[in-house]
1. Any idea how many residues of region 243-276 are under 17 Å from Ala297 (Cα atoms), within 17 Å of the chain's Cα centre (by Cα) and part of a helix (DSSP H, G or I)?
2. Residues of region 284-340 being under 22 Å from the mean Cα position of the chain (by Cα) and of a type in the set (S, T, N, Q), which ones?
3. Got at least one residue in region 114-130 being crowded, with 17+ Cβ neighbours inside 10 Å, of a type in the set (Phe, Trp, Tyr) and either without any contact (Cβ under 8 Å) to a residue 24 or more places away in the chain or within 30 Å of Val22 (Cα to Cα) (or both)?
4. For region 191-212, indicate whether the set of residues that are part of a helix (DSSP H, G or I), of a type in the set (A, V, I, L, M, F, W, C) and buried (at least 20 other Cβ atoms within 10 Å of the Cβ) is non-empty.
5. Only one residue in Arg149, Arg211 is on the phi > 0 side of the Ramachandran plot, out of contact with any helix residue (DSSP H, G or I) (no Cβ under 7 Å at 6 or more places or on another chain) and either at pLDDT 95 or above or not hydroxyl-bearing (Ser, Thr, Tyr) (or both). Which one?
6. Considering every residue within region 277-295, establish whether at least one is touching a Pro at 6+ places or on another chain (Cβ under 9 Å), surrounded by 16 or more Cβ atoms within 10 Å (Cβ to Cβ), touching a residue at least 24 places away in the same chain (Cβ under 8 Å) and not in a strand (DSSP E or B).
7. Does Met233 count as touching an Asp or Glu at 6+ places or on another chain (Cβ under 9 Å) and surrounded by fewer than 19 Cβ atoms within 10 Å (Cβ to Cβ)?
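The values are calculated or read from the model by the stated rules, or taken from the named source; none is laboratory data. Everything numeric here is computed off the predicted structure, so don't read it as measured data. Every residue, glycine as well, gets a Cβ built from its backbone with ideal geometry; the counts of neighbours run over all protein chains shown.
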Amino acid sequence: MGTMTPRELVAATLRFKHPSRVPRELWTLPWAEENHAAALAGIRARYPDDIVRPPAVLRRPLITHGEEYKPGVYVDEWGCRFENRQSGIIGEVKEPLLGDWKDWRSVRVPEERLTLDAARVDDFCRATDRFVLARPSIRPFEQLQFIRRPDNLYLDLADPPDGFYRLLERLHAFFMEEMELWASTAVDGLFFADDWGSQHSLLISPALWRRLFRPLYADYIAVARRHGKFIFMHSDGHIEAILPDLVEMGLDAVNAQLFCMDIEALGRRFAGRLTFWGEVDRQHLLPYGTPDDIRAAVRRVGRALWRDGGAIAQCEFGIGARPENVAAVFGAWDELLENP
């Protein structure tokens, strides 16, 4: 195996084409920078990312108020109010933006997101040899939770009113415009997200998910395919029930909480068919484990999921994570092909 550029590494991994090493990407919350700045800088220097995000330069700035990761109130570009008590993480929506579905027309989509400076994105892509993953804000289920507040939305889903369908249609149309816009640039991959899992199961029934949300994701994936882009998705929790659907629709990579699920069972069903874009357990291992625990966890994931590709070394340096454990994640993945 010859030396590959980061872009080639990621593409070879997604295609199961014998990458020369496992590609990597570190996610961080501002908490890590605030509490472990020197250690974070050292990890980034030793294990640079192979996947990068392009600048989302907008010709018209988003209309927001406050600071997203600071204590206090932050109002996002949709008008949703997040209340936060701890620096370095995002807050929670306490009051719904939409109190009654009959007022669904009052929800304003942030059209500023469609003023992307595509030329700046293209310049960025041409200037790097790393794999460039787009930054659209596509997350229909989560956005509905922010608009309605999660407890209200779960009740709504039991018997969705007409306003629910109307607003979901408006959101999807907006997200499709945003996805098409990013797909027209020189990025290598496109991305969408929604957290679908609890600790042990899907948050709603798979049948309801397939009826309401699978068609939306099929549209996003189809945009990527039409433009010759790879397509990635993030979803927290236990999501094994919908992985067959995502594979069937043509998803290339999923960022999921593997340690909420049976990793060996995932390997038997999906290894060689879907790339698992991380992660290592951030609930228990990263904050409370040892570097030896981390190395054992990476070897477990590698044995189950690596098939001459099919895994990306990714973890989140978030609240409580120990820097030495984050570093051990990437060190262990680097050793995977050397000592299988």
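1. 3
2. Gln314, Asn325
3. Among the residues of region 114-130, at least one is crowded, with 17+ Cβ neighbours inside 10 Å, of a type in the set (Phe, Trp, Tyr) and either without any contact (Cβ under 8 Å) to a residue 24 or more places away in the chain or within 30 Å of Val22 (Cα to Cα) (or both), which makes the answer yes.
4. Yes, some residue in region 191-212 is part of a helix (DSSP H, G or I), of a type in the set (A, V, I, L, M, F, W, C) and buried (at least 20 other Cβ atoms within 10 Å of the Cβ).
5. Values: Arg211 fails: on the phi > 0 side of the Ramachandran plot.
None of the other options fit; the residue is Arg149.
6. Quick first cut of region 277-295, residues touching a Pro at 6+ places or on another chain (Cβ under 9 Å) only: none.
No, because not a single residue in region 277-295 is touching a Pro at 6+ places or on another chain (Cβ under 9 Å), surrounded by 16 or more Cβ atoms within 10 Å (Cβ to Cβ), touching a residue at least 24 places away in the same chain (Cβ under 8 Å) and not in a strand (DSSP E or B).
7. Values: touching an Asp or Glu at 6+ places or on another chain (Cβ under 9 Å): yes; surrounded by fewer than 19 Cβ atoms within 10 Å (Cβ to Cβ): no.
So Met233 does not fit the description; no.
To keep it simple, each residue is scored yes or no on (1) of a type in the set (A, V, I, L, M, F, W, C); (2) surrounded by fewer than 20 Cβ atoms within 10 Å (Cβ to Cβ); (3) over 12 Å from Glu279 (Cβ atoms); (4) modelled with pLDDT of 95 or more.
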{"site": "Gly309", "(1), (2), (3), (4)": "no, no, yes, yes"}
{"site": "Gln314", "(1), (2), (3), (4)": "no, no, no, yes"}
{"site": "Phe317", "(1), (2), (3), (4)": "yes, no, no, yes"}
{"site": "Ala321", "(1), (2), (3), (4)": "yes, no, no, yes"}
{"site": "Asn325", "(1), (2), (3), (4)": "no, no, yes, yes"}
{"site": "Glu335", "(1), (2), (3), (4)": "no, yes, yes, no"}
{"site": "Glu338", "(1), (2), (3), (4)": "no, yes, yes, no"}
